Amino acid sequence: MASEIQTLLISRLGRIAAEHNLTLAIAESCTGGALCSAIVAHPKASGALERGFIVYSTDAKCELLGLDRGRVEECAGVSEDIAMAMAGAAIAQSHADVGIAITGFAGPREGSEEVGLVHLAVARDHRLWHRELHLGALGREAVCRNAVREALELALLAARTPDSLKAPTSSAPQNNAKSVSTAELAPVRSSYVS
């Protein structure tokens, strides 16, 4: 069951997506589809979802999103650059305007994993937003719930980006206009510790 805050965030995201004709592609690891499910459950936001990728395993991240296996294995699939690559790949592997990614360790602890470490990323218009969460050992359900809420907040930030920051869409040459690959997206970072 979605909290009132989560429902409000989804409603706002749905409204902004409709106003700006934006579609979403979501790549989820530790949340296993919880963000997609929450958006689909909201009648005013569900139309914005273009597709979702559940990429819980290393194989899924590499096969569905095309991430580099060596890099994914090196950090167990949880890092800033993996989250940003997932968000960019969600756009590249879809017809969406905004890519949202969640990857982290929800627990229980395995090896040297930091339980509650979650990386979120949103890609839009050749820009990237990243947020790192250190939620602690709250339990899997609480870590996932908090990750979904924070991902919605980050997606709202990206969705509200003024049109003046968008890449030019005209086919005519323009000053300072350049095609940027998902690997070159400009990151915007924040972090959160509970």
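Other residues with beta-carbon under 15 Å from the beta-carbon of residue 7 carry, at +1 per Lys or Arg and -1 per Asp or Glu, a net charge of +3. Restricting the GluC sites (Glu not before Pro) of region 85-116 to loop positions (DSSP other than H, G, I, E, B) with no more than 13 neighbouring Cβ atoms within 10 Å leaves 110. Which distance in Å, rounded to a whole number, links the C-alpha centroids of region 17-58 and region 65-88? That distance is 19 Å. Per-peptide packing, taken as the mean over residues of other Cβ atoms within 10 Å, places 137-147, 89-99 in the sequence 89-99, 137-147 from highest down.
The label-point distance for residue 7 and residue 74, in a model that sets each label 7 Å from Cα toward Cβ, rounds to 4.5 nm.
Each reported figure results from applying straightforward, stated rules to the coordinates on display, with no laboratory input. Owing to the predicted nature of the structure, the values given are computational and were not obtained by experimental measurement. Counting neighbours? That spans all protein chains shown, and the Cβs are built from the backbone with ideal geometry, glycine included.
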